[in-house]
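Below: the structure, in structure tokens.
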Amino acid sequence: MAQEKSQGLSKGLTNYGDPAFSLYLRRSFAKSMGYSAEMLARPVVGIADSRSGFNNCHRHFPELIEAVKRGVIAAGGLPIEFPTTSLGEVFLSPTSMMFRNLMAMDVEEMVRAQPMDAVVLVGGCDKTVPAQLMGAASADVPAVQLLAGPMMPTSYRGERLGACTDCRRFWAMYRAGKVDAQGIADVEGNLATTAGTCAVMGTASTMAALAEALGMALPGSAAIPAVHADRLRAGEASGRRAVELVKNPIRPSQIITQRSVENAVRVLLAIGGSTNAIIHLTAIAGRVGVKIDLNRLNEVSDSTPVLVDLKPTGQFYMSDLYAAGGVGAVLRELKPLLHLECMSVTGETLGQRLAHEEGAWVDRAVVRPLSDPLAKEGGLVALFGSLAPNGAILKRSAADANLFEREGRAVVFNSLDDLAARVDDPALDITADDFMVLQNAGPKSGYAMPEAGYLPIPQKLARAGVKDMVRISDARMSGTAYGTIVLHVSPEAAAGGPLALVRNGDRIRLSVKQRKIDLLLPENELSKRKAAWKPPVTPPARGYAKLYMDHVLQAEHGCDFDFLRKA
Ligand code: FES
């Protein structure tokens, strides 16, 4: 039997030294699953399934994947689902961030190694969408990103609760003695009550919006709640579209470009999106050789207003954004600032998409017009200076502007364990005007850059009514958190960056206006401390931990592995 065109099951044959035998054997084994010859002759659409019992956000995937399959079959393809690594945000230790690159490698290799002509990537929880887009960009097989969709908020004692800004709000009240043990136990069962990703503009929702803005997810699909019937219709449409992409291929590398990445940055800023997204977008862009320059981020931030009024910085939930018009409403407002020629998985440019949607209804309480924004400037800024020569990030839209221009005394915690041990010590020498500094929580710290940058306000200050302080670290922060928090300081402390050299009592100057963060020490003192510095972690000897430690890059390179970025 001669080998047929390299499509569907005949693609990428297992090597037995006889291609015809390989195809015969593959068909034979596929037939053991009950497929007819007619089905096996169709183009194959892989469905990358990231569900797991350790991932609450993806618990509706069986039904969603059925919808994708329906769409693939209706369009003439053969859908074949396959499992990949799943990253359930709160179930992984030390942090899901350590495993994002592992999942990206898994997705890339399985998309490339298995016989599929296109793939639908089904993901949602924080790291899963970045990992899927990184993997798909490297494999460069036509791909459609299908998002899990957000959870619904829950009505609880007269207010709406949703993970996870309200999780943090109640926990802060509990720490401050305003909610008792029974109260916090009652709230615990009402924060996350449906399938789907966190209900606010956290990292998962931000990445969903960016997937649509990049053109990798279908128009209008990012904000559909997980439990809404429209989510299933988006699944069906994603399956159909994947089959069409087999006939007229558009590859991720044609969609993820310098200009579409800049569009995504605009959207990130306009939605007041998560600080984590800048790391993930940098990693995704790096897979196709596109660089995000933090100085350019500041220029774009200064010319992009905040338009969306969602928690953690505003008042609404993702389901409200969907009802208000979704990401399309934001894109239409940003139209004068966007590169409209960018291609999407639909085969249409962004400009063509927005032309179809002209005049669509928008709830202006949730998505403001460009002429009347919530804030004139974007949510994120990059800071540079002697404390962060390669940059740091501040989410100004989630911070107290009264703390933006000031100098403070450093109160240093040299690790997460040190922070946990001392932050609530009544004897801790700290005032509300001090700058809390956390060292050794970056990519190479042994903690793998956890979302620990939201340092808790010391209990004695929280009980006295202090709600925000300047907090500085090389860690990340949950997209659902808020405060005057300087993150992603680079180079990190564990790599010997200046952050490692800060001591209690040093003075630090923060100027958001000048985009500066400086450690106010003379050069000779810095050099002396640098000479005495010793790496805080013993490198792991084996396994993925070793691969991670040997190859993870700093935040400004998206914390990708050096060997996975495109040269
Ligand atoms: Fe999955 Fe928040 S825990 S998105």
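Read-outs: derived from the displayed coordinates by stated rules, not from any lab. Just so you know, these numbers come straight off a predicted model, no measurement behind them. Note that each Cβ is placed from the backbone with ideal geometry, even for glycine, and that neighbours are counted across all protein chains shown.
Brief remarks follow.
- Cysteines (scope the chain) whose Cβ has no counterpart Cys Cβ under 4.7 Å: Cys198, Cys342, Cys559
- Remark: the range 73-79, residue by residue, has Karplus-estimated 3J(HN,Hα) of 5, 4, 8, x, x, 10, x Hz, where x stands for each Gly or Pro and the curve is 6.51 cos²θ - 1.76 cosθ + 1.60 at θ = phi - 60°.
- Cα coordinate range in the range 233-309, projected on the principal axes (Å, largest first): 41, 32, 19
- Mean Cβ neighbour count within 10 Å, used as a protection proxy, ranking 181-187, 382-388, 194-200 highest first: 194-200, 382-388, 181-187
- Here the Karplus curve 6.51 cos²θ - 1.76 cosθ + 1.60, taken at θ = phi - 60°, turns the phi angles of the range 483-499 into couplings of x, 7, 10, 8, 10, 6, 4, 9, x, 6, 4, 5, 9, x, x, x, 4 Hz, with x standing for Gly and Pro.
- Dipole of the chain, positive end: most advanced residue of Ile65, Tyr544, Leu310 [Cβ charges, Cα centre]: Tyr544
- The charge dipole of the range 24-75, taken about its Cα centre with unit charges on the Cβ atoms of Lys, Arg (+1), Asp and Glu (-1) only, comes to about 160 debye.
- Nearby lysines by direct alpha-carbon distance to Lys516 (threshold 19 angstrom, same-chain neighbours under 8 apart not counted): Lys395
- P(r) histogram, all alpha-carbon pairs of the chain included - 20 Å bins from 0, percent: 22, 54, 22, 3, 0
- Taken about its Cα centre, the range 164-242 carries a charge dipole of roughly 180 debye when the Cβ of each Lys and Arg holds +1 and the Cβ of each Asp and Glu holds -1.
- Each Lys and Arg Cβ is given +1 and each Asp and Glu Cβ -1; about its Cα centre, the chain then shows a dipole of about 420 debye.
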